[in-house]
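To keep things clear, I will list the structure first and then write my remarks on it.
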Amino acid sequence: MLREEIREHVILGHATETETGVQELLTAQVSVDEIIQQVLVPAMAVVGEKFRRNEIFVPEMLIAARAMQAGLAVLEPLILQTGRQYMGRVVIGTVKGDLHDIGKKLVATMLQGAGWEVIDLGVDVAPEKFLQAVKEHKPEVVGLSALLTTTMPNMKATIELLKEEGVRDQVHVMVGGAPVTEKFAKEVGADGFAADAGEAVEKCAAFVV
């Protein structure tokens, strides 16, 4: 019953109640993995599906993501202690010249909830910074975000630099953002495209199967 209540709190964006509920589950000796996989991830899957069906919009999705973050914050010290096995590592950022953060942050939050280790480079990220992060963190996936059509060429520039430096074949590159399309993703040599945060989580999971 408590698990269902927490899932509902996440979906409705009740951060305080989510935090309290997760704490109660821990007190009841429920494992970190169980809480993530059976409570938080299913809740955000519902949120992603509602968003896809236009039943909710970006503000509601962000509020739900914040609630999930509140739950994850309770679990974080335990995750670090137990050395939880992540699904993989993702380096994510908004490309150079673009300061839009909301969509990228949402993807990062949902990936964390789905069991990924996320290195968020922030906004206005130069190709060289993505390259440095790939060399340093050795991620399975690199996520490039853009909201302005004028900054989309920097996705190609980043992918080209990864090729030049001989690390392109070591990572899966995924692109996303309002003006980005499947066609554009293929043109710039990306491995995948996600139209929204829910799809981004699915695509990343498919990369590591």
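All of the numbers you see were taken from the coordinates with simple rules; none came from a lab. The structure displayed is predicted, hence computed values, not measured ones. In this analysis, Cβ positions are derived from the backbone assuming ideal geometry, glycine residues included, and neighbour counts consider all displayed protein chains.
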*Could you list which residues have their amide H under 5 Å from that of residue 143, counting only those 5 or more apart in sequence or on another chain, with H placed in the peptide plane?*
91, 92, 93, 174
*For the chain, the spread of Cα positions along each principal axis, largest first, Å*: 52, 37, 28
*10 Å binning of all Cα-Cα separations within the stretch 1-96, expressed as whole percents from 0 upward*: 16, 45, 31, 8, 0
*Virtual spin-label span in nm between residue 163 and residue 85, 7 Å along Cα→Cβ*: 3.6 nm
_Simple Cβ-charge dipole of the chain, Lys/Arg +1 and Asp/Glu -1, about Cα centre, in debye nearest 20_ = 420 debye
*Hydrodynamic radius of the stretch 89-207 per Kirkwood, over alpha carbon pairs, in Å*: 13.5 Å
*Taking the simple approach of a point 7 Å from Cα along Cα-to-Cβ for both residue 136 and residue 206, what is their distance in nm?*
3.1 nm
*Using modelled amide H (1.01 Å from N, peptide plane; none on Pro or chain starts), what sits under 5 Å from the amide H of residue 125, excluding residues fewer than 5 places away?*
94, 95, 96, 97, 98
*Taking residue 129 as the anchor, which lysines have their alpha carbon closer than 26 Å to its alpha carbon, excluding any fewer than eight residues away along the same chain?*
96, 104, 105, 138, 156, 163, 183, 186, 203
*In whole Hz, what ³J(HN,Hα) sequence does the stretch 40-57 give by Karplus (6.51, -1.76, 1.60; θ = phi - 60°), x for Gly and Pro?*
6, 4, x, 5, 6, 5, 5, 4, x, 5, 4, 5, 4, 8, 6, 8, 9, 10
*Measuring from centroid to centroid over Cα atoms, what is the spacing of the stretch 34-55 and the stretch 127-191 in Å?*
27 Å
